[in-house]
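Below is one structure, written out as C-alpha cells; comments come after it.
The values are calculated or read from the model by the stated rules, or taken from the named source; none is laboratory data. Keep in mind it's a predicted model, so treat the numbers as computed, not measured. Every residue, glycine among them, receives a Cβ derived from its backbone with ideal geometry; neighbour counts consider all protein chains shown. Surface accessibility is based on the protein's heavy atoms, side chains included, excluding ligands, DNA and RNA. Shrake-Rupley method; radii C 1.70, N 1.55, O 1.52, S 1.80 Å.
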Amino acid sequence: MWLCIKVCPTNVFDRTETGLPLIARQEDCQTCFICEVYCPVDALYVSPYADIKQQVTEQELVSVGIIGSWREIIGWGRGRTRLAEIDETPFIDRILPPQGTISS
Amino acid sequence: MNLHKQDSTLQLETDVLVIGGGPAGTWAALTAAAKGSKVVLADKGYCGSSGATAPSGTGVWYVEPEVKQRQEAKLSRYFMGGRLAENDWMDRVLDQTYENMNRLAGWGYSFPIDPEGNVFRQGLQGPEYMRLMRKLVKRAGVKILDHSPALELLADEHGVGGAAGVSTQGGDPWRVTAGAVVIATGGCAFLSKALGCNVLTGDGYLMAAEAGAEMSGMEFSNAYAISPTFSSVTKTAYYRYASFYYEDGSVVEGAGSTKGRSVIAKKLLENRQVYARLDQAPADLQPLLRVGQTNFFLPFDRMGINPFTDMFPVTLRLEGTVRGTGGIHIVDDTCATKVPGLYAAGDAATRELICGGFTGGGSHNAAWAMSSGSFAGEGAAAYAKSLGQHAARREVHGLSSAPIVSSRTYGSTLQKPPIAAEEYIRAVQEEVMPYDRNLFRSDEGLRDSLYRLDRVWKSIRHEPIHLDYQAVKRREAAAMTVTARWMYRSAQARTETRGMHKRIDYPDVDETQRYRLITSGLDDISVRAQRVSEEAVSL
Ligand SMILES: Cc1cc2nc3c(=O)[nH]c(=O)nc-3n(C[C@H](O)[C@H](O)[C@H](O)COP(=O)(O)OP(=O)(O)OC[C@H]3O[C@@H](n4cnc5c(N)ncnc54)[C@H](O)[C@@H]3O)c2cc1C
Ligand code: SF4
C-alpha cells in the first residue's frame with residue numbers, strides 16, 4: 001500500500017487502477033507536509049502555498065535539493081539521526097525573551 | 001434515526017470505542033486497553049498523522065514534582081486565564097503528564113540530552129510522537145479504523161453505546177457498539193488551514209450535544225495564530241523575535257506576537273498589510289531555532305526567504321477552539337460528560353479546568369490531551385466493565401439531528417440536497433473568521449451573526465444525509481454551524497473581557513462574572529453560569 005494514500009489525513013490521494021497513487025482532491029490538501037515525511041522514495045513535494053497552486057517540475061525540485069528535504073531534516077530514513085534526539089525546543093525556555101506567555 | 005444496515009456495513013462490538021486518534025484518543029485507547037478493555041479506535045484521517053499535534057513540534061507542561069516549580073507552573077497562566085482554572089485539576093494534570101512523559105521515555109521516545117547530560121522532557125516532535133503512539137496502540141491490541149470518520153453516536157435509554165460512520169476510502173459504512181465511548185475528535189478550527197487542523201471541525205461537539213451533553217467555555221474560542229500569508233504554518237513562538245513593519249519598512253507601533261496581536265489584527269482590518277522579520281533573534285541562536293521548530297522554516301526555505309533578514313507578509317489564521325479552551329463540559333475526575341457512557345478528552349473537552357479562558361498554545365494543551373485521555377480511558381473502561389458482559393449487544397439507535405439514510409433509500413426517494421455543504425461552510429466561515437466579528441466582539445455583531453447562523457442551522461438540520469463519504473462534509477458543516485452558535489451565544493452572555501474573550505462594548509473584567517458558562521441545546525441554545533471551585537491558587 002502506498003504510504004501517501006494511507007497517511008494523508010484529508011484523503012487527497014486515490015489509488016488508480018494500476019495501484020499507483022493519484023492526487024485526486026488537491027483542494028482538500030491542508031499543506032501539512034505529512035505525505036512528504038512518510039514517502040520512502042522522496043516522490044512528493046508539498047508546495048509552501050496554502051491557498052494557491054504552484055507550478056513546478058520535478059527537475060527544478062531535484063536540482064535545488066528540495067525534494068525529500070523535510071524527511072531528511074526530521075531524520076527519517078536509514079542511517080539518519082532522528083530530530084527528536086537533537087530537538088532543543090526544551091532549551092528554548094532558557095533563551096526566549098521572557099515577555100508575556102509562551103505560544104507555540 | 002437508524003442507519004439502515006447494509007450488507008457492506010462493517011459491524012463491531014467492543015467495550016470501549018474511542019473516536020479520534022490524536023494524542024488524547026491514543027492515550028485513552030492505551031489506558032483503556034491496559035485496564036483490560038477491548039478497544040476500537042476510529043479516526044477521520046490516519047491515527048498517527050492526523051490532527052493538530054502530528055505535523056508539529058509541541059511544548060509539553062512537564063514540571064518536576066517540586067513544590068516551588070509546580071506552584072510557579074500553576075500560576076504562570078492563572079491570571080491570564082481570568083482565574084477560571086482549578087487548583088486540583090492543575091495538580092492532577094501535572095502529575096499525569098509527568099507520569100506519561102516518563103513512560104514515553106521507557107517506551108522508546110528519544111528525548112534530547114543537554115550538554116550537562118540532563119534529559120529534557122518538555123517537548124515532543126509531532127511526527128515522531130504520534131508514530132510511536134500508533135505503534136503502542138496497535139501493540140496493545142486496539143483495533144484501529146483509519147479514514148473512518150464517525151458520523152453519529154448510538155444510544156439507548158441507558159446512555160451512549162457506540163457510534164456509526166463511513167469509510168472515506170471505499171465508502172462502506174461502519175457501526176461499532178460499545179459499553180462506553182470516548183470523544184477525542186479535537187477542537188474546531190473551521191477549515192482555516194491552520195497546520196494540521198482541517199480534520200478538526202467540531203464533529204465531536206455536535207455528536208456529544210446530540211446525545212445530551214453540554215459545552216463549557218465556548219466563548220474562549222477565538223484563538224488566531226500568526227502565519228506568513230502564503231502558508232499554513234501557524235507556529236508562533238518565534239514571532240517573539242519579530243519586529244513588525246509596513247510595506248515601506250516603517251515600524252508598526254505596538255504590534256507583537258502576544259499582546260500585540262490585536263494591533264496586527266486592527267491593521268489588517270484597515271487593509272494595511274503587516275510584515276514581519278525575526279530580526280531580534282541573536283545570530284548565535286539562529287541555528288538552534290532551526291532545530292527546535294524545523295517546520296517553521298519549511299515554507300520560508302521553499303520560497304527562498306530568510307526570515308531573520310527578509311520581511312514577509314503575515315496574517316492571523318483562526319484556530320478556534322484548538323488553541324482556545326472551550327469544549328465539552330465534563331462533570332467528574334474521569335472526564336465523564338453528563339450522559340452515561342460518554343467521555344471527552346483533549347481539545348474536544350473543555351480545557352478551562354487547567355487554563356481558564358486563555359491558552360494560546362504552548363504546553364498546557366499537550367499536557368491536557370495526554371492527561372485527560374488517560375483519565376477518560378480509565379473512566380470509560382470502568383464504566384464498560386460495570387455494565388457487564390452483554391453491554392455491547394444493546395439495541396442502540398443513531399442520534400444525528402439530520403436523518404442519515406442509506407444510499408439505496410436516498411437514491412430512490414430523496415432529492416439531492418438543494419444546498420451544497422460547501423455553501424454552508426462558507427456561510428459559517430464568513431461569521432467566524434473576520435477579526436471584527438470574532439476577535440473583537442460586540443453585542444451588535446454577535447446578534448447579527450447569530451441571526452444568520454441560526455438560519456443556516458434551521459436549514460441544515462432537516463436535510464437528510466446520504467450515507468456515503470459526502471456525508472462527512474455535511475456533518476462537518478452542521479458541526480461548524482452549531483459550534484459557531486454556541487460560541488456566540490456564550491460570548492453574548494459574557495458581558496466583560498476575560499481571557500481571550502474580548503468585548504469592545506465591555507472592555508474590562510467584571511469580577512462578578514468569574515464563573516464558567518455552560519451552553520446546552522441544538523435548536524434552542526441556553527446558557528447558564530457555573531461557579532468555579534473556590535480553592536484559589538495562592539501566590
Ligand atoms: C500549529 C499548532 C501548534 C501547536 N503547538 C502546541 C504546543 O507547542 N504545545 C501545546 O501544548 N499545544 C500545542 N498545540 C495544540 C495541540 O496540538 C492540541 O491541543 C492537541 O493536538 C490536542 O490533541 P487531541 O488529541 O485532542 O486532538 P488532535 O490532535 O487534533 O486529534 C484529533 C483527532 O480526531 C480525529 N477526528 C476528528 N473528527 C473525527 C470524527 N468525526 N471521527 C473520527 N475521528 C475524528 C482527527 O482526524 C484527529 O486525528 C498546537 C496546535 C497547533 C494547531
Ligand atoms: S500535505 Fe496535503 S496531500 Fe500531503 S498529507 Fe498533508 S494534506 Fe495530504
Is the C-alpha gyration tensor of segment B:324-404 telling us rounded, prolate or oblate? Criteria: a/c under 1.5 is rounded; beyond that, a/b larger than b/c is prolate, otherwise oblate.
oblate
Quick one: longest stretch of chain B between exposed loop trypsin sites (Lys or Arg not before Pro), exposed meaning at most 16 other C-beta atoms within 10 Å and loop per DSSP?
B:6-258
For chain B, give the magnitude of the charge dipole about the Cα centre (Cβ charges: +1 Lys/Arg, -1 Asp/Glu; no others), in debye to the nearest 20.
680 debye
How do A:I73, A:I52 stack up against each other in accessible area, from largest to smallest, with a 1.4 angstrom probe?
A:I52, A:I73
With every protein chain in place, what's the accessible area of B:V16 (1.4 Å probe, Å², nearest 10)?
0 Å²
Please name which of B:Y241, B:G170, B:S231 has its Cα lying farthest along the dipole of chain B towards the positive end, using unit charges on Cβ (Lys, Arg +1; Asp, Glu -1) and the Cα centre as origin.
B:G170
In what sequence, largest accessible area first, do B:T201, B:T168 appear using a 1.4 Å probe?
B:T168, B:T201
Can you compute the modelled spin-label distance between B:R290 and B:S243, with each label point 7 Å from Cα toward Cβ, in nm?
2.3 nm
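Calculate the dipole size of segment B:138-260 relative to its Cα centre from +1 charges on Lys and Arg beta carbons and -1 charges on Asp and Glu beta carbons; express the result in debye to the nearest 20.
Magnitude of the dipole: close to 640 debye.
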Report the rotationally averaged projected area of segment A:3-95 based on its alpha-carbon convex hull, in square nanometres.
8.2 nm²
What stretch of chain B, leaving out the sites themselves, is the longest with no GluC sites (Glu not before Pro) in a DSSP loop having at most 15 other Cβ atoms within 10 Å?
B:396-533
For the pair A:E17 and A:L61, the simple spin-label estimate (label points 7 Å beyond Cα toward Cβ) gives in nm 2.6 nm
What is the protein assembly as shown by shape, rounded, prolate or oblate, if you read a ≥ b ≥ c off the alpha carbon gyration tensor as root eigenvalues and call it rounded for a/c under 1.5, prolate for a/b larger than b/c, and oblate otherwise?
rounded
Let me spell out the model: positive unit charges on the Cβ of Lys and Arg, negative unit charges on the Cβ of Asp and Glu, origin at the Cα centre of segment B:225-318. What dipole size does that give, in debye rounded to 20?
400 debye
Which loop-located chymotrypsin sites (Phe, Trp or Tyr not before Pro) does segment B:1-88 contain, where loop means any DSSP state but H, G, I, E or B and the Cβ has at most 15 other Cβ atoms within 10 Å?
B:F79
Probe 1.4 Å - accessible area at B:Y469, Å² to nearest ten
110 Å²
Loop-resident GluC sites (Glu not before Pro) in segment A:4-62 with no more than 10 other Cβ atoms inside 10 Å, DSSP not H/G/I/E/B, are A:E17
Calculate one ³J(HN,Hα) per residue across segment B:246-263 by plugging θ = phi - 60° into the Karplus curve 6.51 cos²θ - 1.76 cosθ + 1.60, and present them in order as whole Hz with x for glycine and proline.
8, 3, 7, x, 7, 6, 8, 4, x, 6, x, 7, 10, 5, x, 5, 5, 5
Taking the dipole about the Cα centre of the protein assembly as shown, with the C-beta of Lys and Arg at +1 and of Asp and Glu at -1, give me whichever of A:Q59, A:I74, B:G161 is farthest to the positive side.
B:G161
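Stretched out fully, how many nm does the piece from B:T258 to B:A34 gain, at 0.36 nm a residue minus the Cα gap? Spell out each step's value before the answer.
Numbers: separation 224, 0.36 × 224 = 80.64 nm, distance 4.07 nm.
Gain on extension, B:T258 to B:A34, equals 76.6 nm.
Cα gyration tensor of segment B:225-318, axes a ≥ b ≥ c as square roots of the eigenvalues: rounded (a/c below 1.5), prolate (a/b > b/c) or oblate?
On the way: a/c = 1.65, a/b = 1.49, b/c = 1.11.
Here segment B:225-318 falls in the prolate category.
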Label point distance in nm, A:R78-B:A283, each placed 7 Å from Cα along Cα→Cβ
4.1 nm
Selected from B:P55, B:L104, B:F120, residue furthest toward positive end of dipole (the protein assembly as shown; charges at beta carbon)
B:L104
Under the √(5λ) rule applied to the eigenvalues of the Cα gyration tensor, what semi-axes describe the equivalent ellipsoid of segment B:132-236? Give them in Å, descending.
28, 20, 13
Taking 1 over the mean of 1/r across every pair of different Cα atoms in chain B, what Kirkwood radius in Å do you get?
23.5 Å
Applying 1/(1 + (r/R0)^6) with R0 = 41 Å to the Cβ-Cβ distance of B:Q530 and B:S459, what FRET efficiency is obtained, to the nearest 0.05?
0.80
Enumerate the amide H contacts of B:E319 below 5 Å, restricted to partners 5 or more residues apart or on another chain; note that Pro and chain-start residues carry no placed amide H.
B:A223, B:Y224, B:A225
Hey, what do the phi angles of segment B:302-317 turn into as Karplus ³J(HN,Hα) couplings, whole Hz, using 6.51/-1.76/1.60 and θ = phi - 60°, x for Gly and Pro?
6, 9, x, 9, 9, x, 7, 10, 9, 7, 9, x, 10, 9, 10, 9
Where Rh is the Kirkwood radius over Cα pairs, Rg/Rh for segment B:414-531:
1.04
List the residues whose amide H sits under 5 Å from the amide H of B:G123, counting only those 5 or more places along or on another chain, with H placed 1.01 Å from N in the peptide plane.
B:V60
For B:Q169, list long-range residues whose amide hydrogen, built 1.01 Å from N in the peptide plane, is under 5 Å from its own amide hydrogen.
none
